[in-house]
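Before any comments, here is the structure.
The values are calculated or read from the model by the stated rules, or taken from the named source; none is laboratory data. Please read these numbers as outputs of a predicted model, since none were measured by experiment. Every residue, glycine among them, receives a Cβ derived from its backbone with ideal geometry; neighbour counts consider all protein chains shown. Note: accessible area is taken over every heavy atom of the protein model, side chains too, but ligands, DNA and RNA are not part of it. Shrake-Rupley method; radii C 1.70, N 1.55, O 1.52, S 1.80 Å.
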Amino acid sequence: MREYKLVVLGSGGVGKSALTVQFVQGIFVEKYDPTIEDSYRKQVEVDSQQCMLEILDTAGTEQFTAMRDLYMKNGQGFVLVYSITAQSTFNDLEDLRDQILRVKDTDHVPMVLCANKCDLEDERVIGKDQGSARAKQWSCYFIEASAKSKINVSEIFFSLVRQINEATPDTHKDKKGKKKGCLIL
């Protein structure tokens, strides 16, 4: 079974933990408790393939930036989360994306731009068109979600798995889907 290292990033309070816990455990965490770093594992099926997702829920606060380079280096796919109710959380993602590309020394990495809290339509300050335009500019997938209302939560992580599969196909399998052994002489 293929393993995927996914990293959830964004400013404090945007709902990174709420999205992650909703996906992994199926519950909505109402109370905001700032995360330092939490890791979750979940086995899922994506496009008829069993996958083990290792999801790193990161700190949104600046004081933990020293850890960022390490998990950016090890991550295979990234969810960049902002809240549709706070413009600053949208603006903060530009630096995070730049840092990911710099650390990974590439100009493209599997990524989902996630507009969270789409259930709070009456408090919206960032239009869907802004998120969509940014995703187009970054050549990444865009999705509006709500951890509270369970809208598009699984799709965030499944789309990331699909992007990783496209970028790095699992070449260690034979035609029957079994892992090939290797002989070291």
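A few comments on the model shown:
- Which numbered condition residue 156 fails, given (1) within 19 Å of the chain's Cα centre (by Cα); (2) open to solvent by 50 Å² or more (accessible area, probe 1.4 Å); (3) modelled with pLDDT of 95 or more: (2)
- Residue within the stretch 8-17 that is touching a helix residue (DSSP H, G or I) at 6+ places or on another chain (Cβ under 6 Å), open to solvent by 40 Å² or more (accessible area, probe 1.4 Å) and either of a type in the set (Lys, Arg) or within 23 Å of residue 101 (Cβ to Cβ) (or both) present: no
- Hits in the stretch 16-47 - residues which are closer than 10 Å to residue 60 by Cα and not in a helix (DSSP H, G or I): 34, 35, 36, 37
- Restricting 88, 83, 48, 39 to residues that are open to solvent by 40 Å² or more (accessible area, probe 1.4 Å), hydroxyl-bearing (Ser, Thr, Tyr) and touching a strand residue (DSSP E or B) at 6+ places or on another chain (Cβ under 7 Å) narrows the list to 39.
- Some residue of the stretch 101-111 being at pLDDT 95 or above, closer than 15 Å to residue 7 by Cα, in contact with a strand residue (DSSP E or B) (Cβ under 6 Å, 6 or more places away or on another chain) and in a loop (DSSP other than H, G, I, E, B): yes
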